[in-house]
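Okay, structure first, notes after.
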Amino acid sequence: MYDSAEFVKGCVDWDQLPDDGRPEVAFIGRSNVGKSSLLNALLKRKQIAYTSKKPGKTRELNYFLVDGDVYFVDLPGYGFAKVPTHVRKKWAGLIERYLTERPPLAGVVHLIDSRHPPMANDEDLIDFMRGSGVPYLIALTKSDKLSGNQRTNRVRRVNEQLADVGLSVPVILTSAQDKRGIRELRTWIGDLV
Ligand SMILES: Nc1nc2c(ncn2[C@@H]2O[C@H](COP(=O)(O)OP(=O)(O)O)[C@@H](O)[C@H]2O)c(=O)[nH]1
Ligand SMILES: [Mg+2]
């Protein structure tokens, strides 16, 4: 599993999305949440997904072909304060369309920083995914920065928030640093595709 992984392309428009029908697993979260790091850990690569301390560097839907048969899609992080509104709207439109109208989309991994409560954007996405019918998982990132008690509490809090909106989906603790949750994530993805 994950013996090969290669960057295929970055897409900024619907027409640029691949049309070969391979299943896709999308990764989404705010800038700096640890998305590139988690993708690297998942794919056992050091640098395949670009890790940057600069928020908002990734503005494209970045396609990685994994083992020749599934795409991992690194979606643009949300929360770009410095981007003009019309640009942000275009991205939001593309992402919403992608999440609802993309036939090969097999599952969505939503990354939320384990140290903080979900932000407004995260709550919007949770709400959005509730109606989408696409298999969905929440990965709480950077869990190595929490104590054991904090880890338990964060998962419970997120589960309570999900229950409040009538959603029941897996919530897992992850860390690109100590690799917590990586195996669980691989299993979940493996069951999808
Ligand atoms: N301690 C810790 N830091 C992390 C982890 N994942 C990412 N980071 C750090 O968080 C920052 C943002 O990571 P990055 O993967 O570029 O986030 P992205 O913007 O969501 O792609 C970097 O400084 C990473 O080193 C993690 O699991 N544990
Ligand atoms: Mg990134």
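Shape call for the range 145-193 from the C-alpha gyration tensor, a ≥ b ≥ c root eigenvalues: rounded (a/c under 1.5), prolate (a/b greater than b/c) or oblate?
Oblate is the answer for the range 145-193, as a/c is 1.5 or above yet b/c matches or exceeds a/b.
Based on DSSP H runs of at least 4 residues, each adding -39500 (n - 2.57), what is the mean residue ellipticity at 222 nm of the chain after dividing by all its residues, to the nearest 500 deg cm²/dmol? The partial results should precede the final answer.
Values: 5 runs with 64 residues, N = 193.
Helix contribution divided over all residues of the chain: -10500 deg cm²/dmol.
Taking the alpha-carbon centroid of each part, what is the distance from the range 14-50 to the range 126-177 in angstrom?
19 Å
In the structure shown, do any of 9/44; 89/145; 46/90; 44/145 have a Cα-Cα gap over 26 Å, and if so which?
Numbers: 9/44 20 Å; 89/145 33 Å; 46/90 31 Å; 44/145 21 Å.
89/145; 46/90, as the Cα separations exceed 26 Å there.
Scaled to the compact-protein estimate 2.2 N^0.38 Å, what is the alpha-carbon radius of gyration of the chain, rounded to two decimal places? Spell out each step's value before the answer.
Working: Rg = 15.6 Å, N = 193, 2.2 N^0.38 = 16.3 Å.
Relative to the rule-of-thumb radius for its length, the chain sits at 0.96.
When only DSSP loop residues count, what trypsin sites (Lys or Arg not before Pro) in the range 155-193 have their Cβ near at most 14 other Cβ atoms within 10 Å? Walk me through the numbers on the way to the answer.
Working: sites: 156, 157, 179, 180, 183, 186; in loops: 179, 180.
Here the sparse-neighbourhood loop sites are 179.
Every read-out reported here was derived from the displayed coordinates using simple, explicitly stated rules and does not represent laboratory data. Everything numeric in this text was worked out from a predicted model, so none of it was measured. Neighbour counts run over all protein chains shown; Cβ positions are idealised from the backbone, glycine included.
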